[in-house]
Amino acid sequence: MKASSFRKLKAALLCSLVVAFGYTVSGSVAEAVQAQPTAKPPAKKEAPAKIDPNDPASLIYLDTAGKPAGVGGTAAAPASQAFKAGMGWHPQALAGTGLPKDRYGLVDWAKLVRENIIKPKASLDPDEEEMPPLKMDVLIPAKGDFVNDVIYPHEMHTYWLKCEVCHPQIFVPAKGSNNMTMVGIVQGEWCGRCHGKIAFPLTDCNRCHSSPKAKK
Amino acid sequence: MLVLAVPALAGAAQYGNMTLDSKVESMKKAGVGPVIYPHDKHEALFKCADCHPKVFKEKRGTNNMSMKMNMDGKFCGSANCHNSPDAFPLYMCTNCHTNVGAKKK
């Protein structure tokens, strides 16, 4: 009886010793296994995880050629102030804004104004008075017999621009005194000073040539 | 109505350049000259059936084209042609019209 209980105690002791030894060994092994990956990830994180230039939410910096230049910090910890600026205005961000587009995929700024989607300040100078848009349409007859006449809306243009932007250098402010030609406009004169550059292009003829001539 | 100055060459579909000047009076007012249409260039790119008779009737003088019709998506300005990214746009006046700016004041 005594001997058997002693033997049991010995077995239990041995067992616990084995367990304890095994724990320390396996623990240190597990630590070693865990320690390896924790050392590696920082190196992995430096490489761009996923850059999808078409995804407006992807945090990317573009170089001057428009190619992804790399990722900065995270949204929680931006790498620099440029991060914030970049989030506000770049083509990818623009694509995600849902601004109305025309049938050429360009932002339809006139529609933006008409539907009050944006309200830009009239001037950076807080003291400057805002001039209300000039409600004056000018009928510009097309020279040929067939092409629709142009209705030029001062209202939309004066929403963005002051009179001095166009008058008198680009357009003499008197009806019929500007001998405009489509060829000249294509070459960057008159309307072509802006349209085709910063304003919608000349591709959609009927956007301007909108008033049909009396039938001949 | 459509007067074509270049006669059809004897043989098959070799039309070369065709002069389109039925609206020459209106063209003059607009400061452009007649259109020289390079039929052979288009022959090299398309099959006859791509344009005829759906877009252009084959018979000369029956189409009554005008710049307005082009702008409205007919004839040269058809949806897959010079009113699309596939070909140069309609505002490239000098690509088709001759004597552009001749009457410019």
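The values are calculated or read from the model by the stated rules, or taken from the named source; none is laboratory data. Remember, predicted model here, so these are calculated numbers, not experimental data. Every residue, glycine as well, gets a Cβ built from its backbone with ideal geometry; the counts of neighbours run over all protein chains shown. Note: areas computed on protein heavy atoms with side chains; ligands, DNA, RNA excluded. Shrake-Rupley method; radii C 1.70, N 1.55, O 1.52, S 1.80 Å.
Before moving on, here are some points about what is shown:
- Distant-in-sequence amide H partners of A:T181 (H built 1.01 Å from N, under 5 Å): none
- A 1.4 Å probe over all protein chains sorts A:V165, B:V35 by accessible area into A:V165, B:V35, starting with the largest.
- Computed accessible area, B:C81, all protein chains, 1.4 angstrom probe, square angstrom: 50 Å²
- Annotation: peptides A:197-207, A:120-130, ranked by per-residue average of other Cβ atoms within 10 Å with the highest first, follow the order A:197-207, A:120-130.
- Efficiency of FRET from Cβ geometry, A:W160 and A:E115, R₀ 22 Å, rounded to 0.05: 0.90
- Nonlocal amide H pairs with A:D149, under 5 Å, H built at 1.01 Å: A:A142, A:S211, A:K213
- 18 Å Cα-Cα reach of A:K197 towards aspartates and glutamates, excluding residues that sit fewer than 8 places from it in its own chain: A:D102, A:D108, A:E189
- Cα-Cα over 20 Å, subset of A:K119/A:K162; B:K28/B:K57; A:K111/A:K213; A:K101/A:K143: B:K28/B:K57; A:K111/A:K213; A:K101/A:K143
- The heavy atoms of B:K68 present about 60 square angstrom of accessible area, all protein chains included, probe 1.4 Å.
- ³J(HN,Hα), Karplus 6.51/-1.76/1.60, whole Hz, each residue of the range A:202-210, x for Gly, Pro: 7, 4, 8, 3, 6, 5, 9, 7, 10
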